Each structure stands twice: as C-alpha cells, then as structure tokens.
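Peer 1: Please read through the structure below; I'll follow up with questions.
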Amino acid sequence: RRSGRPWWPVIGAVVGLLAVSNVMSNRVLPGWTGWTGWLYVPWNLAVAGGCLWLARGHVTTHQLGLVQWRRGWRWGLALSAATAGVLVVGAALPGIRDAFRDGRVNDGVWALVYNTVLRIPFGTVVLEEVAFRSVLPALIAVRVGVLRACIAASVLFGLWHVLPALGLTTANDSVSSAFGRGPDGQVIAVVFAVAGTALAGLWFCWLRYRSASLLTTVLAHVASNSLSYAIAWVVRA
C-alpha cells in the first residue's frame with residue numbers, strides 16, 4: 001500500500017526520534033533510582049507512541065502487526081515457554097551460569113520487581129518492538145519489500161545497542177575475559193553485541209510476520225529480557 005504522502009521524510013523522522021531516545025535512555029535516564037530513572041518508562045512509551053503517530057496514514061494496522069491478537073497470544077506464550085526453558089537450563093550449567101554474572105544487576109528486591117515487571121516490559125520492550133518490528137519494517141516494506149525491510153530494521157536494531165554495549169567489558173566478567181578490558185576488547189564486544197542483536201532482530205521480524213501479530217514478539221521479548229534479568233539477579237545474590 002503506497003500513500004501519496006512523502007515516504008523518506010517519515011522514515012528519517014522515526015530514525016531521528018529513535019536516535020534521540022537512545023541517548024536519553026542510555027545517558028540521561030540511567031539506573032532505576034531517582035526522578036530521572038522513573039522517567040524511563042513514560043519517556044519510552046511516549047517515543048513508541050510518537051513512532052506510531054508518524055506512521056499514521058502511510059501504513060495500515062495490518063502492516064504494523066497490530067492485528068491477530070489471539071494468534072499473537074498463542075505464538076507469544078509458546079515462545080516464552082521455550083525461552084524460559086532454554087534460559088533455566090543455561091543458568092543451571094556452570095559454564096553458562098557465569099555469563100549471567102553482570103555488575104549492572106546489583107540492587108535489592110524492589111529493583112528486581114521494578115525492572116522485570118515494569119521497566120523492561122513497558123520501558124524497553126514496547127518501544128523496541130513498536131519501532132523495529134512494527135513501524136520501521138512496515139514503512140520500508142512499502143517500497144522495497146518485506147525481506148529488505150526486515151534486514152534494514154534489524155541492522156538499525158543492532159546499532160540501537162551500541163551505547164548499552166559500551167559497558168559490557170566492565171560489567172560482565174565473562175565478556176571481559178573473552179575480549180579483554182582494554183579499548184580493543186571494548187570495540188570487539190560492541191561489534192559482537194551489534195551483530196548478535198541484529199540477528200536476533202531478524203529472527204523476531206520473521207516471527208512477527210509469520211504470526212501476523214506484533215504481540216508475538218512482545219511476549220517473547222519480555223520473557224527473554226525479564227527472565228534473563230531475574231536469573232542474573234539470583235546468580236549474583
């Protein structure tokens with residue numbers, strides 16, 4: 001479906017909004033305590049709403065994946081269960097358990113509840129899924145097709161993780177032992193993080209289009225991130 005309205009400026013506006021949000025989320029609103037930390041969730045929800053607002057009139061709700069909610073629930077719950085099984089088994093293996101020892105997961109029980117129930121699902125997952133599995137693929141696919149759109153959106157999703165990955169070598173001993181703590185190790189860690197999240201984004205794009213519902217990847221993403229945080233919290237405790 002092609003509208004008669006300009007196309008590239010809309011994609012540029014969405015990418016620009018996400019670039020500003022990326023800096024805000026990783027540099028201005030870090031942590032979970034303090035007044036700035038509590039703005040993380042409403043800020044990212046507002047950005048997700050802004051992305052949808054920019055896409056209005058250019059793509060349909062079907063192209064955005066905002067349909068097939070029952071199908072999305074079925075797919076999402078099945079993927080969440082599979083993800084939980086993989087993470088629990090991984091955490092039980094000594095060689096993999098060490099990868100969950102992350103210095104960024106060092107707060108109390110309330111931080112655990114806040115991050116797993118509120119911050120990750122509504123502050124992180126909703127924005128990332130709306131932006132990289134809904135709005136950007138739908139807008140780009142109008143002109144170049146779904147496959148190329150998913151690749152482009154997934155590459156952007158990988159670049160989205162550059163700022164969070166800058167601290168990996170200092171926060172995670174497994175990463176620092178694999179790549180080193182110096183500048184070279186940091187660069188390698190960032191490259192691996194970008195490549196890994198780009199591939200994960202492509203996988204999520206396939207799931208979103210295969211199930212015809214954005215809810216599929218929202219639920220799977222929440223299960224992956226929230227459960228990983230909870231396991232890291234338990235391992236560190």
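Peer 1: Mind pulling the angle between the C-alpha long axis of helix 8-23 and the longest principal axis of the chain? Nearest 10 degrees, somewhere in 0 to 90.
Peer 2: 20
Peer 1: With each label point set 7 Å from Cα along the Cα-Cβ vector, what nm distance links VAL191 and ALA92?
Peer 2: Taking the two extended label points, one gets 3.7 nm.
Peer 1: Right, another one. If the rule is a partner Cβ under 4.7 Å, which cysteines in the chain fail it?
Peer 2: CYS51
Peer 1: Obtain the nm distance between the two label points defined at ALA212 and ALA178 by a simple spin-label model: each point lies 7 Å from its Cα along the Cα-to-C-beta direction.
Peer 2: About 3.8 nm, to one decimal.
Peer 1: So what is the 222 nm mean residue ellipticity for the chain from helices alone, if each DSSP H run of at least 4 adds -39500 (n - 2.57) and you divide by all residues, rounding to the nearest 500 deg cm²/dmol?
Peer 2: -21500 deg cm²/dmol
Peer 1: With +1 on each Lys and Arg Cβ and -1 on each Asp and Glu Cβ, how big is the dipole of the chain about its Cα centre, in debye rounded to the nearest 20?
Peer 2: About 880 debye.
Peer 1: As a test of reading the structure, rank LEU163, LEU214 by solvent-accessible area (1.4 Å probe, protein chains only), most first.
Peer 2: LEU163, LEU214
Peer 1: Same structure, new question: Which one, TRP160, TRP110, TRP69, has the greatest fluctuation when you compute a Gaussian network model over the chain with C-alpha springs under 10 angstrom?
Peer 2: Fluctuation is largest for TRP110.
Peer 1: Could you work out how far helix 146-159 tilts from the main Cα principal axis of the chain, as a 0 to 90 degree angle to the nearest 10?
Peer 2: Taking Cα atoms only, the helix is inclined about 40 degrees.
Peer 1: Residues of the chain: accessible area per residue at 1.4 Å, in Å²?
Peer 2: Here the residues of the chain average 49 Å² of exposed surface.
Peer 1: Follow-up question, since we're still on this one. Take every Cα pair under 8 Å in region 120-168 that's 6+ residues apart, average their separations, divide by the length, and report that relative contact order as a whole percent.
Peer 2: About 29 percent, as a whole number.
Peer 1: May I ask you to derive the relative contact order of the chain, considering only C-alpha pairs under 8 Å and at least 6 residues apart, and to give it as an integer percent?
Peer 2: 32
Peer 1: Out of VAL109, VAL126, VAL190, any idea which swings most in a Gaussian network model of the chain, alpha carbons joined below 10 Å?
Peer 2: Most flexible of the set in this elastic network: VAL109.
Peer 1: Accessible area of region 84-187 with a 1.4 Å probe: how many percent of it is carbon plus sulfur?
Peer 2: 69
Peer 1: Once both axes come from the Cα atoms, what is the angle between helix 69-92 and the longest principal axis of the chain, in degrees from 0 to 90, rounded to 10?
Peer 2: 20
Peer 1: While we're here: Tally Lys/Arg at +1 and Asp/Glu at -1 over every other residue whose Cβ is under 14 Å from the Cβ of LEU163; what's the total?
Peer 2: +1
Peer 1: DSSP loop (so not H, G, I, E, B), at most 11 other Cβ within 10 Å: list which trypsin sites (Lys or Arg not before Pro) in region 166-237 pass both filters.
Peer 2: When the trypsin sites (Lys or Arg not before Pro) of region 166-237 are filtered for loop state and at most 11 Cβ neighbours within 10 Å, nothing remains.
Peer 1: How much length is gained on full extension from TRP7 to ARG56, taking 0.36 nm per residue of separation minus their Cα-Cα distance?
Peer 2: 16.5 nm
Peer 1: Region 109-150 to region 41-102: how many Å between their Cα centroids?
Peer 2: First find each Cα centre; the distance between them is then 7 Å.
Peer 1: In a GNM of the chain with a 10 Å cut-off on Cα contacts, which of ALA178, ALA91, ALA78 has the highest mean-square fluctuation?
Peer 2: ALA178
Peer 1: Now for a different question. Take the Cα gyration tensor of region 103-237, multiply each eigenvalue by 5, square-root it, and list the three semi-axes largest first, rounded to whole angstrom.
Peer 2: After scaling each eigenvalue by five and taking roots: 28, 20, 10 Å.
The values are calculated or read from the model by the stated rules, or taken from the named source; none is laboratory data. What you see is a predicted model, and the numbers here were worked out from it, not measured in a lab. With ideal geometry, Cβ positions are generated from the backbone for all residues, glycine too; neighbour counts draw on all protein chains shown. Heads up: the accessible areas ignore ligands, DNA and RNA and are worked out on the full protein's heavy atoms, side chains in. Shrake-Rupley method; radii C 1.70, N 1.55, O 1.52, S 1.80 Å.
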